[in-house]
1. Determine whether R124 is out of contact with any strand residue (DSSP E or B) (no Cβ under 6 Å at 6 or more places or on another chain) and surrounded by fewer than 18 Cβ atoms within 10 Å (Cβ to Cβ).
2. Provide a single number: the residues in the range 23-45 that are assigned to a strand (DSSP E or B) and either without any contact (Cβ under 8 Å) to a residue 40 or more places away in the chain or touching a helix residue (DSSP H, G or I) at 6+ places or on another chain (Cβ under 6 Å) (or both).
3. In the range 38-57, is there at least one residue being of a type in the set (K, R) and under 23 Å from G15 (Cβ atoms)?
4. Test R129 against the stated conditions and say whether it is over 15 Å from E9 (Cβ atoms), basic (K, R) and surrounded by fewer than 17 Cβ atoms within 10 Å (Cβ to Cβ).
5. Among what's in the range 96-122 and is among the charged types (D, E, K, R) and outside any helix (DSSP H, G or I), pick the residue that is farthest from the chain's Cα centre (by Cα).
6. Go through the residues of the range 84-92 one by one and say whether even a single one is in a helix (DSSP H, G or I), touching a residue at least 40 places away in the same chain (Cβ under 8 Å) and in contact with a strand residue (DSSP E or B) (Cβ under 9 Å, 6 or more places away or on another chain).
7. Could you please find all residues in the range 58-82 being assigned to a loop (DSSP other than H, G, I, E, B) and closer than 15 Å to E16 by Cα?
Amino acid sequence: MAHAKFPVEVLTPEGEVFNGEVEMVSTRTTLGQIGILARHAPLLATLEPTELRLYKTETEVLRFAQAEGYLQVGDNHALVLVEEAYPLADLDADDLRERLRIAEQALEQAGEDTERRQVAERDRRRWERFLSLTE
């Protein structure tokens with residue numbers, strides 16, 4: 001059964017990743033998985049690294065690796081603001097393994113520097129999640 005469509009924008013600091021109408025948005029907030037349909041109640045949520053799915057139809061699904069960010073829903077419109085978003089087909093497992101290795105090394109070298117440790121932990125979580133999406 002088809003659902004009503006609504007506009008969705010996916011933005012990163014580098015620019016627009018997606019701008020169009022979908023039937024559903026599926027992502028992960030800090031509280032768990034969420035699916036957004038047309039006419040969803042207003043919402044502001046913090047997003048975790050995960051697979052972002054944009055359902056254009058029941059059979060046409062755009063899939064992205066989504067980094068940390070925010071989801072805002074209001075006036076029958078969804079705005080996904082994330083640090084990074086890559087089409088799953090563009091992910092390279094070897095590149096992600098190298099990024100994960102660098103993040104783990106940075107975590108080991110962070111020592112007592114709380115800010116460096118937090119950045120390294122965030123990067124490690126992101127690259128681990130992105131790598132799992134390639135498998």
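Where a number appears in this text, it was derived from the coordinates with a stated rule and is not lab data. Since we're looking at a predicted model, the values are computed, not measured. Positions of Cβ are generated from backbone atoms using ideal geometry, with glycine treated the same way; all protein chains shown enter the neighbour counts.
1. When the stated conditions are applied, R124 does not pass them.
2. Number of matching residues: 11.
3. Looking for residues that are of a type in the set (K, R) and under 23 Å from G15 (Cβ atoms), one finds at least one in the range 38-57, hence yes.
4. In short, no.
5. The qualifying residue farthest from the chain's Cα centre (by Cα) is E112.
6. So far as the range 84-92 goes, yes, one or more of its residues are in a helix (DSSP H, G or I), touching a residue at least 40 places away in the same chain (Cβ under 8 Å) and in contact with a strand residue (DSSP E or B) (Cβ under 9 Å, 6 or more places away or on another chain).
7. Within the range 58-82, A67 is the sole residue that qualifies.
Conditions tested, residue by residue: (1) under 17 Å from E135 (Cα atoms); (2) exposed (fewer than 15 other Cβ atoms within 10 Å of the Cβ); (3) in contact with a helix residue (DSSP H, G or I) (Cβ under 7 Å, 6 or more places away or on another chain); (4) of a type in the set (K, R).
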site	(1), (2), (3), (4)
L47	no, no, no, no
E58	no, yes, no, no
Q66	yes, no, no, no
H77	no, yes, no, no
P87	yes, yes, no, no
D90	yes, yes, no, no
R97	yes, yes, yes, yes
